[in-house]
1. Checking Ala40 against (1) modelled with pLDDT under 95; (2) farther than 30 Å from Lys178 by Cβ, which test does it fail?
2. Filter the stretch 63-84 for residues that are of a type in the set (Lys, Arg) and closer than 15 Å to Val19 by Cβ and give the result.
3. Looking only at the stretch 111-125, how many residues end up being surrounded by fewer than 20 Cβ atoms within 10 Å (Cβ to Cβ) and within 10 Å of Leu191 (Cβ to Cβ)?
4. Residues of the stretch 164-176 being open to solvent by 40 Å² or more (accessible area, probe 1.4 Å) and either part of a helix (DSSP H, G or I) or at pLDDT below 95 (or both), which ones?
5. I'm trying to understand the selection: among the residues of the stretch 137-163, which are of a type in the set (Asp, Glu) and open to solvent by less than 20 Å² (accessible area, probe 1.4 Å)?
6. Go through the stretch 83-104 and count every residue that is open to solvent by 60 Å² or more (accessible area, probe 1.4 Å), assigned to a loop (DSSP other than H, G, I, E, B) and either touching a helix residue (DSSP H, G or I) at 6+ places or on another chain (Cβ under 9 Å) or within 17 Å of Lys141 (Cα to Cα) (or both).
7. Looking at the stretch 13-56, which of its residues are of a type in the set (A, V, I, L, M), assigned to a loop (DSSP other than H, G, I, E, B) and open to solvent by 70 Å² or more (accessible area, probe 1.4 Å)?
8. Test Lys179 against the criterion of being open to solvent by 40 Å² or more (accessible area, probe 1.4 Å), assigned to a helix (DSSP H, G or I), of a type outside the set (A, V, I, L, M) and at negative phi, and give yes or no.
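The values are calculated or read from the model by the stated rules, or taken from the named source; none is laboratory data. Quantities reported herein were computed from a predicted structural model and do not represent experimental measurements. FYI the Cβ positions are ideal-geometry reconstructions off the backbone, even for glycines, and counts take in every protein chain you see. The protein model used for the area step is the full one, side chains on, heavy atoms only, and it has no ligands, DNA or RNA in it. Shrake-Rupley method; radii C 1.70, N 1.55, O 1.52, S 1.80 Å.
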Amino acid sequence: TNLFPKMVLPLVLIQNEAVELIDDAMAGNRMLGLLLSKRADVDSRHTADDLHRVGTVAVILKMSKMEDEKAQLLIQGVKRFKVDEFLQGKPYMQASIDILDSRNTERNKENRALMNNIVEQYDKIVDLSPGLPSEMGHMIKSLQEPNVLADMVASTINAPVKEKQNVIELLDVTMRLKKVTRLVNDQLEILEMGSKIQNQVKEDMDKRQREYYLRQQLKTIKEELGESDNER
């Protein structure tokens, strides 16, 4: 799962070194960095080469230890960062980092046009997605900062994690909005195609049910007519 700035995410940590990382973070500034893995398997130990270099600094909002030595967290994204160098000396992965600031964040005409289009398309996505509450559409409409809008929309739509990682790595907000526009358009197209297929299947089923009902009616009428002829 990708973590974006402002986004709140629950996590369960099962590896001993990860739990030690959380202990150190809780004893300090409650901050940690999250990097997306290039590998799909999550159970084995990852190396520096397995990780993307741009990720999100997060603050630990809540932490609780579980009976089987796991840790359950609630974290919130704060800032983008880039790994400068991975460091040695800890059982968990540690790195020196550079904090990354977004560029071109003003509400100029191009950014406003991109934002308006994203909000309009996102509204349609919410209508077609049972898993997205209608409140999400209202929340997205209320966002005035182009960079926050792009991140929040990217974090909530059903897009591949690699595509979301590309959004995280785009520091130019106009480029980020354009990327999110493409993701939103792709997601809406998929949802509209799915809705069309569902409607067609429903129409075909309704048609078959009507035909079956009519055949049963005709069968009943024929049987009744046959009984009437026999009685005569």
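1. Checking Ala40 against (1) modelled with pLDDT under 95; (2) farther than 30 Å from Lys178 by Cβ, the one that fails is (2).
2. Quick first cut of the stretch 63-84, residues of a type in the set (Lys, Arg) only: 65, 70, 79-80, 82.
Once the filter is applied, which keeps residues that are of a type in the set (Lys, Arg) and closer than 15 Å to Val19 by Cβ, the stretch 63-84 yields Lys65, Lys70.
3. Total satisfying the criteria: 1.
4. Hits for the stretch 164-176 are Asn166, Glu169, Met175.
5. Correct list: Asp151 only.
6. 3
7. Ile14, Ala40, Val42 - these are the residues of the stretch 13-56 that are of a type in the set (A, V, I, L, M), assigned to a loop (DSSP other than H, G, I, E, B) and open to solvent by 70 Å² or more (accessible area, probe 1.4 Å).
8. no
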